[in-house]
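So the structure is just underneath, and the comments pick up after that.
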Amino acid sequence: MTAKVSTLSSKLRALTTMSQLQQTQAQVIKLGLETDPLILSALLTAATRYPSGCLYHAQAIFSSASTDNVYHCNIMIRAYACSLFPLRGLHVYDRMRRRGVRVDNFTYTFVLKACAAAFRASDDGGSDSEHWRALLAAKGFELHASIFKSGFGYDHFIHNLLIHTYAQCGSVRLARKVFDEMIDRNVHTWNILISAYDQAGDFDSSDQFFKSMPARNVVSWNTLLARYVRLCDVEAAERVLDEMPIRDSVSWNTIIAFYVQTKDYDRALGLFREMQAAGVDPTEVTLISILGACAETGALEVGREIHQTLRRKQSRMEGYLGNALVDMYAKCGEMSSAWRVFNELKMKHVACWNAMIVGLAVHGYSEEALKLFAAMNTSPHEVTPNRITFMGVLTACSHKGLVEEGRGFFRRMTSEYSIRPDVKHYGCIVDLLSRSGQLSEAFHLIQEASLDTKALLWRTLLGSCRIHSNVELADECFNQLSGCLTDGDYVLLSNIYAKAERWDDVQRVRNAMIDSKVAKQSGYSNFQSANVS
């Protein structure tokens, strides 16, 4: 039996696809070895291996294990830390402590990564973000204390991760304290602290440490490049890129993501081609950025080619990459392809549900969008809707004219999910009410909205006043826009008066437009000429 265990373990370590894993796992079960610790470790490692594994499958294997084993727990914490679900890594660690499972230095290495990743993910703009961030910061302190209590306080890998975790949690002072207490510092330690100061906006301290580094590597330059990307300083970012003695995939990823962030999608796609020409293999981060550029520019063929390459290599398409594929297909209007990828994903993050719901709503599949929202609420994976989810749901209601449903979702958004509506949510509900002729209700809703600016809402209602020939309400909307009137507002009110045959008011509005020196923009057509060979 020992020989079989050894043979199967070796076979599992050599697997490259999920189908191979499932076949070998069937052999394991047939031989009754599924509870063997060595086999379980090999199964979990194979299931979490990037890019061929499947975290959902690994989770199923881990959940079925009858004993707590530090190696099995470590594998899962590491996998969760690198996924869209880092909080689950913390849950595994907490369960280990409750059950008295021995932890080792690898446990702390992975759980610190999970804590830092969870803190980054907690800043999603939800009403409970601050609460979660406070809890995660406290978790970081707890881990620090446990590390020293467990005797791992002198492990320099753990020290580096402590600096990183404190930096992610916004505690640069504590990150610096750990740095100062370290005896054995390497270039990675310096890079982490420099990045921490950059993220905190203390560029003087960052530059000081950069200049005083005993040695620099490509990560040091990438850290500097990342600073200018965050500051959206195109010239500085390109200057650092030119000065770099060597570039790696992170360098390319950073600058490509930068151009996607600044909406220079053509440049991002061009750099992607340069990266390929330079012989640098794209990483998951590269592909996520490029798929984002494809989504915004409608470059469906490039996105489809990436998808086909991933399929050919039997790469794992879940997490951020899976979300990016769904989003790309949805924004390009390829809803059948978006559905196919969506259904293939075993573990769906809220961003994945949002991409499908918004995509369906925008492309006119309102009923399907609302059915998907209902399915999301009954999902076994505890997915909580956020403000983007409700943007999709309200858009679906608006496009379909579902007034009662729209009202209900708008109420649930605040009462059930504690999400404060922003101008886009109000825009959807005002548009819905206005289309259905509920102008008075839309007017009072805008009046009561606690927003910094309501110009967009008043313009939406003004446009509906023309459709429904409500001159009195149009006057009120126009008055509400006082101070931020555009040529379109004057022209629209003038047209409303003209439709009502109030010619004196038409002349008055046009004279007011001239007196205010508001120029009417000329209409124009915009087209791209095709190159005909």
Condition first: more than 30 Å from residue 47 (Cβ to Cβ), out of contact with any Cys (no Cβ under 8 Å at 6 or more places or on another chain) and not in a helix (DSSP H, G or I). Can you find one or more residues in the range 127-142 that meet it?
yes
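I'd like the residue in the range 1-24 that is part of a helix (DSSP H, G or I) and hydroxyl-bearing (Ser, Thr, Tyr) and, out of all such residues, is surrounded by the fewest Cβ atoms within 10 Å (Cβ to Cβ). Give the steps one after another, and end with the answer.
Of the range 1-24, the ones part of a helix (DSSP H, G or I) are 2-13, 18-24.
Those still in the list that are hydroxyl-bearing (Ser, Thr, Tyr) too: 2, 6-7, 9-10, 19, 24.
Values: 2: 8, 6: 12, 7: 10, 9: 19, 10: 10, 19: 11, 24: 19.
Step by step, filter the range 1-24, then rank; the result is 2.
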Inside the range 461-494, can you point out the residues that are open to solvent by 60 Å² or more (accessible area, probe 1.4 Å) and not basic (Lys, Arg)?
467, 468, 469, 472, 476, 479, 480, 482, 483
Is it true that some residue in the range 434-454 is under 14 Å from residue 488 (Cβ atoms), open to solvent by 10 Å² or more (accessible area, probe 1.4 Å) and small (Gly, Ala, Ser)?
no
Taking the range 456-491, which residues are outside any helix (DSSP H, G or I) and either closer than 22 Å to residue 511 by Cβ or among the charged types (D, E, K, R) (or both)?
481, 482, 483, 484, 485, 486
Taking interchain pairs and intrachain pairs at least six residues apart, which have beta carbon atoms under 8 angstrom, with the first residue in the range 494-513 and among the basic types (Lys, Arg) and the second open to solvent by less than 60 Å² (accessible area, probe 1.4 Å)?
502/471; 510/490; 510/494
Mind listing whichever residues of the range 282-300 are more than 21 Å from residue 84 (Cβ to Cβ) and among the acidic types (Asp, Glu)?
296
Give the number of residues within the range 283-325 that are part of a loop (DSSP other than H, G, I, E, B) and in contact with a Lys or Arg (Cβ under 7 Å, 6 or more places away or on another chain).
1
Take residue 44 and decide whether it is open to solvent by 40 Å² or more (accessible area, probe 1.4 Å), touching a helix residue (DSSP H, G or I) at 6+ places or on another chain (Cβ under 6 Å) and part of a helix (DSSP H, G or I).
no
Of the residues that sit in the range 406-426 and are under 21 Å from the mean Cα position of the chain (by Cα) and in a loop (DSSP other than H, G, I, E, B), which one is surrounded by the fewest Cβ atoms within 10 Å (Cβ to Cβ)?
418
Inspect the range 64-76 for any residue being in a helix (DSSP H, G or I), open to solvent by 60 Å² or more (accessible area, probe 1.4 Å), under 30 Å from residue 323 (Cβ atoms) and out of contact with any helix residue (DSSP H, G or I) (no Cβ under 7 Å at 6 or more places or on another chain) and give the result as yes or no.
yes
Filter the range 143-189 for residues that are of a type in the set (Phe, Trp, Tyr) and in a loop (DSSP other than H, G, I, E, B); the one that is least open to solvent (accessible area, probe 1.4 Å) is 152
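Could you list, in sequence order, all residues of the range 334-349 that are open to solvent by 70 Å² or more (accessible area, probe 1.4 Å) and either free of Cβ contacts under 8 Å to residues at least 40 places away in the same chain or not in a loop (DSSP other than H, G, I, E, B) (or both)? Break it down into steps so the answer makes sense when it comes.
Keep residues of the range 334-349 that are open to solvent by 70 Å² or more (accessible area, probe 1.4 Å), which gives 336, 339-340, 343-344, 346.
Once the filter is applied, which keeps residues that are open to solvent by 70 Å² or more (accessible area, probe 1.4 Å) and either free of Cβ contacts under 8 Å to residues at least 40 places away in the same chain or not in a loop (DSSP other than H, G, I, E, B) (or both), the range 334-349 yields 336, 339, 340, 343, 344.
The values are calculated or read from the model by the stated rules, or taken from the named source; none is laboratory data. A quick note: this is a predicted structure, and the numbers were derived from the prediction, not measured. With ideal geometry, Cβ positions are generated from the backbone for all residues, glycine too; neighbour counts draw on all protein chains shown. Areas reflect the complete protein model, heavy atoms only, side chains present, ligands, DNA and RNA absent. Shrake-Rupley method; radii C 1.70, N 1.55, O 1.52, S 1.80 Å.
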